[in-house]
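Okay, so here's the structure we're looking at.
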Amino acid sequence: MKKKIIAAMLCGAMAVTAFAGCGAKNDSGSSNSGKSASGSSSAKGSVYYLNFKPEAEEAWQAIAKTYTEKTGVPVKVVTAASGTYEQQLTSEMAKKDAPTLFQVNGPVGLANWKDYCDDMSSSELYKHMKQGTDSFVLKDGDKVDGIAYAIETYGIIYNKTLLDKYCKMDGAKVKSADEINSFAKLKEVADDIQAHKKDLGVEGAFTSAGMDSSSDWRFKTHLANLPIYYEYKKENETSTDAIKGEYLDNYKQIWDLYITDSTCDPKLLSSKTIDDANAEFGSGKAVFYQNGTWAVGDVTGDGKLSEDELGMLPIYIGAEGEENQGLCTGSENYWCVNTNASEDDKKATYDFLNWMITSDEGRDAIANKMGFVTPFDTFTGDYESKNPLIKIADQYVADGKTPVSWNFSTIPSENWKNGVGSALTAYAAGTGKWDDVKTAFVDGWAKEYKAAHEN
């Protein structure tokens, strides 16, 4: 039996350019609503933000310090290590001084923390959401449990300089990146690059598909989104209690490509990290790198690539109609305010959030330092993202390509991801079979869904 849930972000794979106008959702005031755009605050409380994104740690610490200097309100930011957020959130919420601001990754993540979520429907944050961005809100009736603060896109980033060099080689399989519009063509090009890697001066077509905890989310979650997306599309579903795994053969062929046409032996992937992949791509040792808009700062800058050298392709897996596919666009970053915090701390938190999306300092931090695209109407002009990969995502939509929605928010548990990740790692190392991946994907889904809903 299929059970559909309200998964607000699933229909949210829209381009940022599709957002239009300012839509105030609620004109009523609230003691929770932050009113200050200048940074002045009457709040007596403090803010404690448990941050999900390690890559934004430095920017969050800096802006927290700025806010405290301007207002006198203490802002504490703690960043969970990659892959440990849920565990750390559970630990911190049990403490007396629990986070006043935290995040969930979507409807499934919200299920664990719904009772801790304050109603944000009267907040200034919600009032500043653009029309057409309802898909980036987690709602229960009229109650707003969470609001997305970062709309992101991922795909296969490529080095334009290296790919252009390949395209000019005798016998190249394509003359430009525009010709790569299917898995078959991607494989043809990657195989040829791998065969001529010495001529190109690279170590592999793709960066290492690291399965260390800092990197494995790219494959057990983001790559796994593709077979989930196409199955949901075929079955006209938004969620399921029992995934069929109809596109697991497609999942296999893209994973095989990643680990075969690579900078390293597949047996080494268990210890390869996201830093390894960033270094390989940023130094020009690989042509392709599966990651997202958030990775620009990791692969560009001093001694690395220039932003002009970055291109991005959709993740093709050989599904029917994929030539019309765009990039994977959505959010798993929803701010939630702890309803159990004191009234002073809640007010301080709402004031801080409002300042973050209305002040010059806050908007600069979010748009330019962190590189986030937001659903808020205050991010215009100098605060529109300059991220080159965002512009590419917008162009795909302008060209009529359909963005791939982020369906991994319906994955039943972290245990499911870990099971799939372990099976992928063993398969790559030659110690496991692809049937083990299928078992983890299909049987693991049913088991974890049942366990989650029994609880």
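The values are calculated or read from the model by the stated rules, or taken from the named source; none is laboratory data. Predicted model, so just to flag it, every value in this text is computed and none were measured. For neighbour counting, all protein chains shown are included, and Cβ atoms are generated from backbone atoms with ideal geometry for every residue, glycine included. Note: areas computed on protein heavy atoms with side chains; ligands, DNA, RNA excluded. Shrake-Rupley method; radii C 1.70, N 1.55, O 1.52, S 1.80 Å.
Got at least one residue in the stretch 313-320 being within 18 Å of ILE390 (Cα to Cα), outside any loop (DSSP other than H, G, I, E, B) and not basic (Lys, Arg)? Yes, the conditions are met somewhere in the stretch 313-320.
Residues in the stretch 430-455 that are part of a helix (DSSP H, G or I), within 24 Å of GLY106 (Cβ to Cβ) and open to solvent by 30 Å² or more (accessible area, probe 1.4 Å): VAL442, ASP443, ALA446, LYS447, GLU448, LYS450, ALA451, ALA452, HIS453, GLU454.
In the set LEU101, LEU110, only one residue is within 16 Å of MET356 (Cα to Cα) and not polar (S, T, N, Q); that residue is LEU101.
Which members of the stretch 117-142 meet the condition of being over 22 Å from THR380 (Cβ atoms), touching a residue at least 24 places away in the same chain (Cβ under 8 Å) and not hydroxyl-bearing (Ser, Thr, Tyr)? Steps first, answer last, please.
Going through the stretch 117-142, the residues over 22 Å from THR380 (Cβ atoms) turn out to be 117-122, 138-142.
With touching a residue at least 24 places away in the same chain (Cβ under 8 Å) added as a condition, the list becomes 117-122, 138-140.
Those that are over 22 Å from THR380 (Cβ atoms), touching a residue at least 24 places away in the same chain (Cβ under 8 Å) and not hydroxyl-bearing (Ser, Thr, Tyr): CYS117, ASP118, ASP119, MET120, LEU138, LYS139, ASP140.
Take the residues of the stretch 414-443 that are free of Cβ contacts under 8 Å to residues at least 40 places away in the same chain and within 23 Å of SER82 (Cα to Cα): which is farthest from the chain's Cα centre (by Cα)? Result: ALA426. Within the set ALA341, ALA348, the sole residue that is open to solvent by 10 Å² or more (accessible area, probe 1.4 Å) and not aromatic (Phe, Trp, Tyr) turns out to be ALA341. Taking the residues in the stretch 412-429 that are crowded, with 24+ Cβ neighbours inside 10 Å and aliphatic (A, V, I, L, M) as candidates, determine which candidate is farthest from PHE441 (Cα to Cα). Going through the qualifying residues, I end up with ALA428.
Inside the stretch 253-269, residues that are over 18 Å from TYR158 (Cβ atoms) and surrounded by fewer than 18 Cβ atoms within 10 Å (Cβ to Cβ) make up a count of 5.
Which one of SER135, SER91, SER122, SER82 is within 18 Å of THR349 (Cβ to Cβ) and polar (S, T, N, Q)? Can you show your working first?
Numbers: SER135 fails: within 18 Å of THR349 (Cβ to Cβ); SER91 fails: within 18 Å of THR349 (Cβ to Cβ); SER82 fails: within 18 Å of THR349 (Cβ to Cβ).
None of the others qualify; the one that does is SER122.
Residue count for the stretch 379-411 under the criterion of being more than 18 Å from the chain's Cα centre (by Cα) and open to solvent by less than 20 Å² (accessible area, probe 1.4 Å): the result is 1. On the stretch given as the stretch 166-194, residues that are under 16 Å from GLY155 (Cα atoms) and part of a loop (DSSP other than H, G, I, E, B) total 3. Contact map, the stretch 353-366: first residue without any contact (Cβ under 8 Å) to a residue 24 or more places away in the chain, second residue open to solvent by less than 10 Å² (accessible area, probe 1.4 Å), Cβ cut-off under 8 Å, separation 6 or more or different chains; pairs are ARG363/MET356; ARG363/ILE357. HIS196 falls short on exactly one of the conditions (1) within 29 Å of TRP406 (Cβ to Cβ); (2) open to solvent by 30 Å² or more (accessible area, probe 1.4 Å), and that condition is (1).
Scanning the stretch 130-165 for residues that are of a type outside the set (Lys, Arg), under 17 Å from GLU332 (Cα atoms) and part of a strand (DSSP E or B) yields VAL137, LEU138, VAL144, ASP145, GLY146, ILE147, ALA148, ILE151, GLU152, THR153, TYR154, GLY155.
Out of all the residues in the stretch 322-349, which are modelled with pLDDT of 95 or more, of a type outside the set (S, T, N, Q) and in a loop (DSSP other than H, G, I, E, B)?
ALA341
Within the stretch 59-117, the set of residues being at pLDDT 95 or above, closer than 19 Å to TYR149 by Cα, assigned to a helix (DSSP H, G or I) and of a type in the set (A, V, I, L, M) comprises ALA59, ALA62, ILE63, ALA64, LEU89. Can you tell me which of GLY155, GLY106, GLY83 is open to solvent by 30 Å² or more (accessible area, probe 1.4 Å) and of a type outside the set (A, V, I, L, M)? It is GLY83.
For the residues ASP276, ASP216, ASP261, the requirement of being of a type in the set (Asp, Glu), under 17 Å from SER422 (Cβ atoms) and at pLDDT 95 or above singles out ASP216.
Taking the stretch 394-415 as the range and being farther than 17 Å from LEU327 by Cα and assigned to a loop (DSSP other than H, G, I, E, B) as the test, the residues that pass are ILE411, PRO412, SER413. Quick one: count up the residues across the stretch 274-297 that are among the aliphatic types (A, V, I, L, M), open to solvent by 10 Å² or more (accessible area, probe 1.4 Å) and farther than 21 Å from PHE372 by Cβ. Adding up the residues that qualify gives 1.
Of GLU235, GLU246, all but one fail to be under 18 Å from GLY321 (Cβ atoms) and either touching a residue at least 24 places away in the same chain (Cβ under 8 Å) or hydrophobic (A, V, I, L, M, F, W, C) (or both); the exception is GLU235.
Taking the stretch 364-378 as the range and being under 20 Å from the mean Cα position of the chain (by Cα) and on the phi < 0 side of the Ramachandran plot as the test, the residues that pass are ALA365, ILE366, ALA367, ASN368, LYS369, MET370, PHE372, VAL373, THR374, PRO375, PHE376.
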